[in-house]
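Trainee: This is the structure I want to talk about, given as structure tokens.
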Amino acid sequence: MIPLVRRVAAVCALSAALTACGTARAPHPAPPAPSVPAPASRPPTLAPGPAGLTPVFTNGRRTPGRTVALTFDADMTAAEGPRAAKGERFDNPQLIATLRALKVPATVFMTGRWAEQYPIQARSIGRDPLFEVANHSYSHYAFTGDCYGLPTVSEGRMREDVERAYAAFRRAGVPDAMPYFRFPGGCYDRRALKALTSTGVTAVQWDVVSGDAFATDAGAVARQVLDGVRPGSVVVMHCTRSAAPVTERAVRTVVPALRARGFRFVRVSQLIGAAGGRH
């Protein structure tokens, strides 16, 4: 018979690498079950309008909450490609940098052609949680006749133009563009609303025109915004240096002035959600 002391020593020698002698080894806990990510909620949209037409959103609720959405149109047509190749700037990185520095959430209505010209910027904006990217058509052609001299897209190609813009966003690295559409020039009619019904977008207009397009006086642009903003307002501005050269300076005046009045900046999706938009 092996003496008790020798048996204990043998056991300790065998288990020393795993646990201290004389201490019971606790079993390993079972690995946690892999977590299943919750499905991402869909951005809010408005219910279809009369006769199932594409709904149109102009402003949020006029509540005491004092929210306001700054929106920026990143315009560029296919015909402007040669001008961009020669050095004309249809982007405005300084504006985006200022919005980031001031921590101002915003919605950028981008054309597909702009995303193709500036894919790095489009991806940076689209992946920044401060911003959201929405659709401003592919070509920035008008969806009605007689719209500020813009070329027009035929009724049969309206849906295609919108879908082509979303495809351009995805290629640029913007995977989650919002289901919101801004008509070029803000021009639309019943025919255009009907043509886009199957896309499921909500058309987004505005109730405050900044007047920044081709403006040269930043102070005048800021005053026009400050005079027009009400709770729930949607402000339309531009994100193109060549067509709106003073927008960034105007924003540096508008933002602190509105905050001093108690306004809080939100994205369009937040205004639509607060207005009872569907998810």
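The values are calculated or read from the model by the stated rules, or taken from the named source; none is laboratory data. Only a predicted model underlies this, so the values are computations on that prediction, with no experimental measurement involved. Counting neighbours? That spans all protein chains shown, and the Cβs are built from the backbone with ideal geometry, glycine included. Note: areas computed on protein heavy atoms with side chains; ligands, DNA, RNA excluded. Shrake-Rupley method; radii C 1.70, N 1.55, O 1.52, S 1.80 Å.
Trainee: Do we have Trp114 as closer than 16 Å to Thr77 by Cα and of a type in the set (Phe, Trp, Tyr) here?
Mentor: yes
Trainee: Check off (1) open to solvent by 60 Å² or more (accessible area, probe 1.4 Å); (2) assigned to a loop (DSSP other than H, G, I, E, B); (3) at pLDDT 95 or above for Val36 and give me the number that stays unchecked.
Mentor: (3)
Trainee: Among the residues of region 133-151, are any open to solvent by 20 Å² or more (accessible area, probe 1.4 Å) and of a type in the set (Phe, Trp, Tyr)?
Mentor: Among the residues of region 133-151, at least one is open to solvent by 20 Å² or more (accessible area, probe 1.4 Å) and of a type in the set (Phe, Trp, Tyr), which makes the answer yes.
Trainee: Further, regarding this structure: Just wondering, is there one or more residues in region 169-176 that are open to solvent by less than 50 Å² (accessible area, probe 1.4 Å) and part of a helix (DSSP H, G or I)?
Mentor: Checking region 169-176: at least one residue is open to solvent by less than 50 Å² (accessible area, probe 1.4 Å) and part of a helix (DSSP H, G or I).
Trainee: Condition first: open to solvent by 50 Å² or more (accessible area, probe 1.4 Å) and in a helix (DSSP H, G or I). Now tell me which residues in region 87-108 satisfy that.
Mentor: Pro93, Gln94, Arg100, Ala101, Leu102
Trainee: OK, next. Please state which of the following conditions Thr45 fails to meet, knowing it meets all the rest: (1) modelled with pLDDT under 95; (2) of a type outside the set (Lys, Arg); (3) surrounded by 19 or more Cβ atoms within 10 Å (Cβ to Cβ).
Mentor: It is condition (1) that Thr45 fails.
Trainee: Could you figure out which of (1) surrounded by fewer than 15 Cβ atoms within 10 Å (Cβ to Cβ); (2) modelled with pLDDT of 90 or more isn't true of Leu18?
Mentor: Checking Leu18 against (1) surrounded by fewer than 15 Cβ atoms within 10 Å (Cβ to Cβ); (2) modelled with pLDDT of 90 or more, the one that fails is (2).
Trainee: Let me ask something else about it. For the structure I just gave you, tell me whether Thr240 is open to solvent by less than 30 Å² (accessible area, probe 1.4 Å) and in contact (Cβ under 8 Å) with a residue 24 or more places away in the chain.
Mentor: Yes: the conditions hold for Thr240.
Trainee: Do you know which residues across region 61-80 are at pLDDT below 95 and open to solvent by less than 10 Å² (accessible area, probe 1.4 Å)?
Mentor: Within region 61-80, just Met76 meets the criteria.
Trainee: Continuing with this model, one more query. For the structure I just gave you, tell me whether Gly262 is buried (at least 16 other Cβ atoms within 10 Å of the Cβ) and modelled with pLDDT of 95 or more.
Mentor: no
Trainee: Another question, if that's okay. Name the single residue that is surrounded by the fewest Cβ atoms within 10 Å (Cβ to Cβ) among those in region 177-189 being under 21 Å from the mean Cα position of the chain (by Cα) and not in a helix (DSSP H, G or I).
Mentor: Pro179
Trainee: Looking at (1) open to solvent by less than 10 Å² (accessible area, probe 1.4 Å); (2) in contact with a strand residue (DSSP E or B) (Cβ under 9 Å, 6 or more places away or on another chain), can you tell me which one Val246 breaks?
Mentor: Result: Val246 fails condition (2) only.
Trainee: In region 196-218, what residues are on the phi < 0 side of the Ramachandran plot and either open to solvent by 30 Å² or more (accessible area, probe 1.4 Å) or touching a His at 6+ places or on another chain (Cβ under 6 Å) (or both)?
Mentor: Thr197, Ser198, Thr199, Trp206, Asp207, Val209, Asp212, Ala213, Thr216, Asp217
Trainee: Hey, among Ala192, Ala257, Ala222, which residue is part of a helix (DSSP H, G or I), over 20 Å from the mean Cα position of the chain (by Cα) and closer than 29 Å to Pro179 by Cβ?
Mentor: Ala192
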